[in-house]
Amino acid sequence: MDGFRRSFLIAEERRDSKGIIEEHRAAIDDIDEQIVELLNQRARHAHVIQIHKPAEQMALFDPQREEEVCIHLEECNEGPLYNEQLRYIYAAILKVMKELRV
Amino acid sequence: MTYIPYRDPNSIVMLAGPCAVESLEQTQEVAVMLKEQGLRWIRGGAFKPRTSRYSFQGLGEQGLAILQQVGAEQGLKTITEVIDTPHAEMVHSYVDALQIGARNMTSYSLLKKVSAITGESHKPVLFKRGMAATIDEWLMAADYVTADGNPYVMLCERGLRTFETSTRYTLDISAVPVVHQRSLFPVCVDVSHPAGQASLVPDLARAAIAAGADALMIEVHPNPKQAKSDGPQQLTCQQFVDLLASLRHLAAAMGKTII
């Protein structure tokens with residue numbers, strides 16, 4: 001294979017990989033839009049709950065409920081994320097939900 | 001888990017007394033002063049968790065007996081630290097409230113034992129924050145103490161281990177509003193341990209009240225220079241009386257009474 005063809009093929013492969021990456025990035029952008037919408041929906045529910053907690057003598061931070069949330073995540077987790085990785089992500093989500101200022 | 005709130009928005013509980021019960025006379029002298037000041041509680045250590053095993057370890061059960069006697073004489077309620085699971089019931093039998101220290105915040109067998117004992121007696125438990133614990137870790141650990149139904153658990157901020165060396169610990173005053181925001185627990189602030197020196201205690205005590213603390217813990221000794229533990233941070237009786245007068249003004253401005 002001469003030098004010209006070799007560099008041409010590499011360029012082709014690169015264009016293929018580049019195309020694949022762009023395609024998946026577009027999918028990720030779509031998913032992120034949905035995640036943002038869903039996180040805001042989740043925040044709205046959390047906010048309503050926070051408003052009603054004092055009347056029920058319930059604390060803002062409820063470790064028992066947070067564990068229930070995580071167990072629920074694990075029950076619906078089909079991978080490839082590990083359960084523990086979902087918990088990392090949700091640690092941040094739950095922290096933000098507790099600190100809502102709507 | 002829901003908690004029965006018992007925060008009294010109009011009062012601040014003062015938990016003062018010597019770091020360690022050293023003798024009947026020493027404890028009596030402080031108790032008489034506290035009673036004269038119209039306070040309700042006396043603290044005093046009988047089992048001391050010391051950094052060095054060669055330091056004064058406390059009088060043990062004899063110290064508890066002294067604290068109980070002095071409390072009865074003066075009509076003061078007593079609080080002391082419990083450090084060992086096997087001793088928990090014995091310590092509990094002598095006092096009106098138990099303290100779990102910072103070093104034991106994650107000693108789950110002790111937490112479960114105290115939960116079981118006080119689940120029946122409903123004696124208050126003062127639950128100190130570990131010196132490297134986050135507030136959420138502290139709140140989760142507190143659930144071990146309330147697990148058997150004792151709602152009378154008060155959290156106690158006592159300073160964190162940080163890079164700062166000019167104070168013994170760094171008092172996390174923001175823990176007071178954060179705990180109030182996130183939980184239903186009342187919060188005490190131990191101002192003596194983070195100060196490490198008596199001269200810092202008054203300002204930290206005022207800061208704690210301003211931040212909304214439900215209780216204060218302050219160490220007082222008739223003769224701090226002769227104290228067997230934590231002498232530099234303990235106030236003399238007169239220093240405490242002067243500080244209390246200042247704190248009462250501040251509390252009054254917030255619509256509260258120090259009891």
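Within the stretch B:213-242, can you find the residues that are hydrophobic (A, V, I, L, M, F, W, C) and crowded, with 22+ Cβ neighbours inside 10 Å? Full working, then the answer.
From the stretch B:213-242, those hydrophobic (A, V, I, L, M, F, W, C) are B:213, B:215-218, B:220, B:227, B:235, B:237, B:240-241; that's our starting set.
Once the filter is applied, which keeps residues that are hydrophobic (A, V, I, L, M, F, W, C) and crowded, with 22+ Cβ neighbours inside 10 Å, the stretch B:213-242 yields B:Ala213, B:Ala215, B:Leu216, B:Met217, B:Ile218, B:Val220, B:Leu235, B:Phe240.
Name the one entry in B:Ala132, B:Ala207 that is assigned to a helix (DSSP H, G or I), out of contact with any Ser or Thr (no Cβ under 8 Å at 6 or more places or on another chain) and away from chain A (no Cβ under 14 Å). Steps first, answer last, please.
Details: B:Ala132 fails: assigned to a helix (DSSP H, G or I).
Being assigned to a helix (DSSP H, G or I), out of contact with any Ser or Thr (no Cβ under 8 Å at 6 or more places or on another chain) and away from chain A (no Cβ under 14 Å) holds for just one of B:Ala132, B:Ala207, which is B:Ala207.
Report yes if some residue within the stretch B:88-98 is away from every other protein chain (no Cβ under 14 Å), in a strand (DSSP E or B), over 21 Å from B:Leu244 (Cβ atoms) and out of contact with any Phe, Trp or Tyr (no Cβ under 8 Å at 6 or more places or on another chain); otherwise report no. Working first, answer last.
The first filter runs over the stretch B:88-98 and keeps only residues away from every other protein chain (no Cβ under 14 Å), leaving B:88-98.
Keeping just the survivors that are in a strand (DSSP E or B) gives B:97-98.
Among the residues that remain, those that are also over 21 Å from B:Leu244 (Cβ atoms) are: B:98.
Now drop any that are not out of contact with any Phe, Trp or Tyr (no Cβ under 8 Å at 6 or more places or on another chain), which leaves B:98.
Taking every residue of the stretch B:88-98 in turn, at least one turns out to be away from every other protein chain (no Cβ under 14 Å), in a strand (DSSP E or B), over 21 Å from B:Leu244 (Cβ atoms) and out of contact with any Phe, Trp or Tyr (no Cβ under 8 Å at 6 or more places or on another chain).
Can we say B:Glu157 is touching a strand residue (DSSP E or B) at 6+ places or on another chain (Cβ under 8 Å), more than 24 Å from B:Leu98 (Cβ to Cβ) and more than 14 Å from chain A (Cβ to nearest Cβ)? Quick ask: steps written out before the conclusion?
Values: touching a strand residue (DSSP E or B) at 6+ places or on another chain (Cβ under 8 Å): yes; more than 24 Å from B:Leu98 (Cβ to Cβ): no; more than 14 Å from chain A (Cβ to nearest Cβ): yes.
No; evaluated as a whole, the condition is false for this residue.
What number goes with the only condition from (1) among the acidic types (Asp, Glu); (2) within 14 Å of chain A (Cβ to nearest Cβ); (3) in a loop (DSSP other than H, G, I, E, B) that B:Glu137 does not pass?
(3)
Which of the residues belonging to the stretch B:173-198 are among the polar types (S, T, N, Q) and surrounded by 16 or more Cβ atoms within 10 Å (Cβ to Cβ)? Walk me through it before giving the result.
Filtering the stretch B:173-198 for residues among the polar types (S, T, N, Q) gives B:174, B:181, B:183, B:192, B:197.
The answer is B:Ser183, B:Ser192.
Is it fair to say B:Lys113 is among the basic types (Lys, Arg) and part of a helix (DSSP H, G or I)?
On the way: among the basic types (Lys, Arg): yes; part of a helix (DSSP H, G or I): yes.
When the stated conditions are applied, B:Lys113 passes them.
Consider only pairs whose beta carbons are under 9 Å apart and that are at least six residues apart or on different chains; among these, list those whose first residue lies in the stretch B:205-217 and is closer than 13 Å to B:Ile258 by Cα and whose second residue is of a type in the set (D, E, K, R) and not in a strand (DSSP E or B).
As it stands, the answer is B:Ile209/B:Lys256; B:Asp214/B:Arg7; B:Asp214/B:Asp8; B:Met217/B:Arg158, since those pairs meet every condition given.
Let's see how each residue does on (1) outside any helix (DSSP H, G or I); (2) farther than 22 Å from B:Ala141 by Cα:
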{"position": "B:Phe163", "(1), (2)": "yes, yes"}
{"position": "B:Ser166", "(1), (2)": "yes, yes"}
{"position": "B:Asp172", "(1), (2)": "yes, no"}
{"position": "B:Pro177", "(1), (2)": "no, no"}
{"position": "B:His180", "(1), (2)": "no, no"}
{"position": "B:Leu184", "(1), (2)": "yes, no"}
{"position": "B:Cys188", "(1), (2)": "yes, no"}
{"position": "B:His193", "(1), (2)": "no, no"}
{"position": "B:Val201", "(1), (2)": "no, yes"}
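For the stretch B:33-90, how many residues meet the condition of being touching a residue at least 40 places away in the same chain (Cβ under 8 Å), over 23 Å from B:Gln238 (Cα atoms) and of a type in the set (Lys, Arg)?
Of the residues in the stretch B:33-90, 2 are touching a residue at least 40 places away in the same chain (Cβ under 8 Å), over 23 Å from B:Gln238 (Cα atoms) and of a type in the set (Lys, Arg).
Check off (1) surrounded by 11 or more Cβ atoms within 10 Å (Cβ to Cβ); (2) within 14 Å of chain B (Cβ to nearest Cβ) for A:Leu73 and give me the number that stays unchecked.
(2) is the only condition that A:Leu73 fails.
Starting from the stretch A:53-70, take each residue that is within 9 Å of chain B (Cβ to nearest Cβ) and list its partners that are of a type in the set (D, E, K, R) and surrounded by 11 or more Cβ atoms within 10 Å (Cβ to Cβ), counting only C-beta distances under 7 angstrom and pairs at least six apart or across chains.
From residues that are within 9 Å of chain B (Cβ to nearest Cβ), the pairs are A:Ala59/B:Arg182; A:Leu60/A:Lys53; A:Leu60/A:Lys98; A:Leu60/B:Arg182; A:Phe61/A:Lys98; A:Phe61/B:Asp136; A:Phe61/B:Arg182; A:Pro63/B:Asp143.
Can you report the number of residues in the stretch A:23-78 which are over 30 Å from B:Val178 (Cα atoms) and aliphatic (A, V, I, L, M)?
Initially, the stretch A:23-78 is screened for residues over 30 Å from B:Val178 (Cα atoms), giving A:23-34, A:75-78.
This time we only want the ones that are aliphatic (A, V, I, L, M), so: A:26-28, A:31.
Final tally of qualifying residues: 4.
On the given criteria, is B:Gly149 among the small types (Gly, Ala, Ser) and at pLDDT below 95? Outline the logic, then answer.
On the way: among the small types (Gly, Ala, Ser): yes; at pLDDT below 95: yes.
Judged against the criteria, B:Gly149 is a match.
Can you pull out the residues in the stretch B:8-51 that are out of contact with any strand residue (DSSP E or B) (no Cβ under 7 Å at 6 or more places or on another chain), closer than 25 Å to B:Ala88 by Cα and assigned to a loop (DSSP other than H, G, I, E, B)?
B:Glu22, B:Ser23, B:Pro49, B:Arg50, B:Thr51
Checking B:Thr170 against (1) away from chain A (no Cβ under 14 Å); (2) over 16 Å from the mean Cα position of the chain (by Cα); (3) buried (at least 18 other Cβ atoms within 10 Å of the Cβ): exactly one of these is not met. Which one?
So the condition that B:Thr170 fails would be (3).
The values are calculated or read from the model by the stated rules, or taken from the named source; none is laboratory data. Here the structure is a predicted model, which means the values were calculated and not measured. Note that each Cβ is placed from the backbone with ideal geometry, even for glycine, and that neighbours are counted across all protein chains shown.
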